[in-house]
Amino acid sequence: MRFISPVLVARALIAVLSPALAATDLTTTKAYKDRHGFALRVPLTASVETDTQENGQLDMIPDAAVVISINPNEFKGTNLGDASLSIGVSKAPDIVTACSKGQAAQGEKAAGTATLGGVKFSRFTFEDAGVGNRYASTIYRGMSDGSCYEIVEFLHWAAIENFSPGAVKEFDRRGVEAELNAIARSFAITGRPL
């Protein structure tokens, strides 16, 4: 009888069921299952804050089900201040109505659609600046089973011009955006809220 590795079987199933999860490095991420009925893969060193109004960068939904913050040690010595991904879930009728329209909120620019975990999301971008600070967000809003899901990839950094030459390095924006996007791409509906 031939032995088949359970790890290989698991990876094959993941590849079939979720190509985004298959592309995720399972040695540097962990599974996160939220009580609101969704799951993600998050970096092992990221912090996870649940059910908060304080740190979520959501526009449409007031409460974040979860905020995943990239470990600040990863960008120590750079001009990056915050890198996070927030997810909000709501069944409130006014939010569901606005969410299902797929329209941009104030200041956002439409950026097409994306399918995350089998759910079609409207995609938007937002950039802002103020007194030496810069902000950028990629926002996804979509409907599943009567709930609005809002996912926001958020960056906040100081303008490199604020610093003396050589004091800090400019952060790798593409790399950090790719890390946040990998978390967003791992989004999957797991069923009814717990």
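The values are calculated or read from the model by the stated rules, or taken from the named source; none is laboratory data. The model shown is predicted, which means the values in this text are computed figures rather than measured ones. Here Cβ is always computed from backbone atoms with ideal geometry, including for glycine, and neighbour counts include all displayed protein chains. Calculation scope for accessible area: heavy atoms of the full protein, side chains included, ligands and nucleic acids excluded. Shrake-Rupley method; radii C 1.70, N 1.55, O 1.52, S 1.80 Å.
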Looking at the range 18-115, which GluC sites (Glu not before Pro) are DSSP coil and have at most 13 other C-beta atoms within 10 Å of their C-beta? E54
With a cap of 16 neighbouring Cβ atoms within 10 Å, and only residues DSSP puts in a loop, list the trypsin sites (Lys or Arg not before Pro) found in the range 42-113. K76, K91
Leaving out ligands, DNA and RNA, and with a 1.4 Å probe, what % of the accessible surface on the chain is carbon or sulfur? 53
For the chain, with only Lys/Arg (+1) and Asp/Glu (-1) charged at the beta-carbon, what is the dipole magnitude about the Cα centre, in debye rounded to 20? 880
For V96 and D172 in one chain, what is 0.36 nm times their gap in residues minus the Cα-Cα distance, to one decimal in nm? 23.8 nm
Helix-only [θ] at 222 nm, the chain, -39500 (n - 2.57) per DSSP H run of 4+, per residue, nearest 500, equals -5500 deg cm²/dmol
Taking the structure as given and computing Cα extents along the principal axes in Å, which label from (i) 49, 41, 26; (ii) 66, 46, 29; (iii) 50, 41, 39 fits? (ii)
What percent do you get for the relative contact order of the range 103-190 when only Cα pairs under 8 Å and 6+ apart count? 23
Surrounding charge for L116, neighbours by C-beta under 13 angstrom, Lys/Arg +1, Asp/Glu -1, total +3
Output the relative contact order of the range 29-169, whole-number percent, from Cα pairs under 8 angstrom with separation of 6+ residues. 21
Relative contact order in percent for the range 51-104 (Cα pairs under 8 Å, 6+ apart) equals 34
Can you check what the net charge comes to around Y32, using other residues whose Cβ is under 13 Å from the Cβ of Y32 (Lys, Arg +1; Asp, Glu -1)? +2
Note on the range 98-156: alpha-carbon gyration tensor, axes a ≥ b ≥ c; rule is a/c under 1.5 for rounded, else prolate if a/b larger than b/c, else oblate; result prolate
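With Cβ to Cβ distances under 10 Å as the rule, what net charge do the other residues near S84 carry (K, R +1; D, E -1)? Please list the in-between numbers first.
Details: positive: none; negative: E49, D82, E153.
Local charge sum for S84: -3.
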Kindly list the residues of the range 38-65 that lie in the label zone of T190, defined by a backbone N under 11 Å from the point 7 Å along the Cα-to-C-beta vector. 38-41
Under a 10 Å cutoff between Cα atoms, tell me which one of A111, A158, A167 has the largest fluctuation in the Gaussian network model of the chain. A167
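Determine, for each peptide in 168-176, 147-155, the mean count of other beta carbons within 10 angstrom over its residues, then list the peptides with the highest first.
Details: 168-176: 14.3, 147-155: 23.8.
Highest to lowest by the protection proxy: 147-155, 168-176.
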